[in-house]
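The values are calculated or read from the model by the stated rules, or taken from the named source; none is laboratory data. It should be emphasised that the depicted structure is a prediction, and the values quoted were computed from it without experimental measurement. With ideal geometry, Cβ positions are generated from the backbone for all residues, glycine too; neighbour counts draw on all protein chains shown. Side chains are part of the model used for accessible areas, which takes the heavy atoms of the whole protein and leaves out ligands, DNA and RNA. Shrake-Rupley method; radii C 1.70, N 1.55, O 1.52, S 1.80 Å.
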Amino acid sequence: MKKVLVANRGEIALRIMKTLQKMGIKTVAVYSEADRHAPHVRFADEAVLLGKAPSSASYLVMEKLIDAAKQTGADGIHPGYGFLSENAIFAQMVADNDITFIGPRPHAIKIMGNKLAAKDAVKDYNIPMVPGGEKAIADVDLAQKVASEIGFPILIKASAGGGGKGMRIVNNLSELPEQMNRAISEATAAFGDGSVFIEKYVGSPRHIEIQVLADTHGNIVHLFERECSIQRRHQKVVEEAPSSILTPEIRSAMGEAAIKVAKACDYIGAGTVEFLLDEDLNFYFLEMNTRLQVEHPVTELITGLDLVEQQIKVARGEKLEFNQEDLTIHGHALEVRVYAEDPLDDFMPSIGKLITYRTPTGAGIRVDDGFEEGMNVPMYYDPMLSKLITYGKNRDEAIQLMIKAIDTYHISGVATTLPFGKFVCEHEAFRSGKFDTHFVKDFYSPEQLTSQYRQEKEIAALVGLQLYLEHRKKINIPKTTHSNWKMNRM
Ligand code: MV4
């Protein structure tokens, strides 16, 4: 592979290109009219304009990306995350044009893109799954029978859905018909596929995912877990590795289950297997994400591996250079996602110009970003500005460093979720490790931040008063009768 086109924008495009450059591979950026001056465009060896600002006219237009690759002679395409990264048709189109898609084969993308197909693919591998039906249900009578068997509360999920879209909790038999019809019409409207299925509802789960890596020679390893329970409306906000709740035994059991999921779909490259963990530490397979994830840096920090480099080596047909026994966890890593959203105003997107943009630096601090001071935050794309990642010997150290890094990350011009990240890091439930996916809903309200700001202002006022009093003491004029200065002048 000599030249790779990165079919993405922002921080992830830049992060991928940095590894390509390190490996001596030429880089091609693509961009929309809104991203003409973006750092990922300037960083690349070559850049191709795709079209107007909306994703539907630029980053999502498959033919334009293929044309850009052909025009520049790129022999590989890295899709990043989002956009076309989990589109099996695109992966196939790339392959049909004799370009290497840096990701799994279309077959794996297709299976894992449909939850019922995923359940079906793994059913012979003895992987723990939440009790429930493994078939699409359209008939209310059948749904009532299945629900009664597994017991309420149950969850109705859309097979084509993902990230929590189209889910409905049902508490009793009488609610079922209405919720079921709603779920079906929602799924039809959102995904063009009204298939829904039923699962037992796990009430207070943690969301834990396992990073896997598979080569084309049949070797598969797992790179341990990421704890992603701190999320807001299915949007992750803080992630860490390792999880503070897993024992070595559960960790290896989950790792082995994840490897089996990868085997079940002939997976190639870097992928993530999502699990729910209930209060009794039972884990259940949920779904597999067939791409590089936003939060992959925490895994890189605890394993010492560059996941993009591993993706490229696998795509070149190389064998993994290590096996499971070679891999160990070193230290602890934490990631806070910095969104241009206002945590005081229901996380409303905050667009505008980055008047101040200064990132924290120092040992153990990593910032993955795609913005610079003076740039506008465009309204067309995901509002994530950057990922702030810290690494320490242990969890406490990583958290402490995160708080310090947030305090020295200066952004003005747009509101950001940095203060919200600090709120999480300082919260007792987070610090003690006793939290689940309901953390934000249970503990956060804008008043938490405004009272934090008020306390900070009070402390600042008290420090100011103290300094003033000490200073006044020091400049007290000695009670001597006269000064030499006056005498000399006479
Ligand atoms: C569940 C669940 C409880 N019980 N399934 C949400 C996203 C999708 N990946 C699966 N999700 C869930 N599935 C059963 N049977 C609770 C969730 C869930 C959740 C999962 C992970 C992270 C955050 C979440 C927030 C709410 C609900």
request  = Specify which of the listed residues (Lys145, Lys123, Lys110) is more than 13 Å from the ligand (Cβ to nearest atom), under 30 Å from Gly76 (Cα atoms), open to solvent by 80 Å² or more (accessible area, probe 1.4 Å) and assigned to a helix (DSSP H, G or I).
outcome  = Lys110
query = Regarding Phe275, is this residue within 16 Å of the ligand (Cβ to nearest atom), within 18 Å of Gln231 (Cβ to Cβ), aromatic (Phe, Trp, Tyr) and in contact with a helix residue (DSSP H, G or I) (Cβ under 8 Å, 6 or more places away or on another chain)?
reply = yes
task = Within the stretch 173-205, track down each residue that is under 25 Å from the mean Cα position of the chain (by Cα) and more than 8 Å from the ligand (Cβ to nearest atom).
result = Ala187, Ala190, Phe191, Ser204
ask   = If you go through the stretch 428-437, how many residues are touching a residue at least 12 places away in the same chain (Cβ under 8 Å) and either part of a helix (DSSP H, G or I) or open to solvent by 40 Å² or more (accessible area, probe 1.4 Å) (or both)?
value = 3
query = Limited to the stretch 375-406, what total is found for residues that are more than 13 Å from Val338 (Cα to Cα) and either open to solvent by 40 Å² or more (accessible area, probe 1.4 Å) or in a strand (DSSP E or B) (or both)?
reply = 12
message = Here's a check for you: in the stretch 154-172, which residue that is assigned to a loop (DSSP other than H, G, I, E, B) and either away from the ligand (no atom under 11 Å from the Cβ) or aliphatic (A, V, I, L, M) (or both) is most open to solvent (accessible area, probe 1.4 Å)?
response = Asn171
message = Tell me whether the stretch 327-339 contains one or more residues that are within 16 Å of the ligand (Cβ to nearest atom) and among the hydroxyl-bearing types (Ser, Thr, Tyr).
response = no
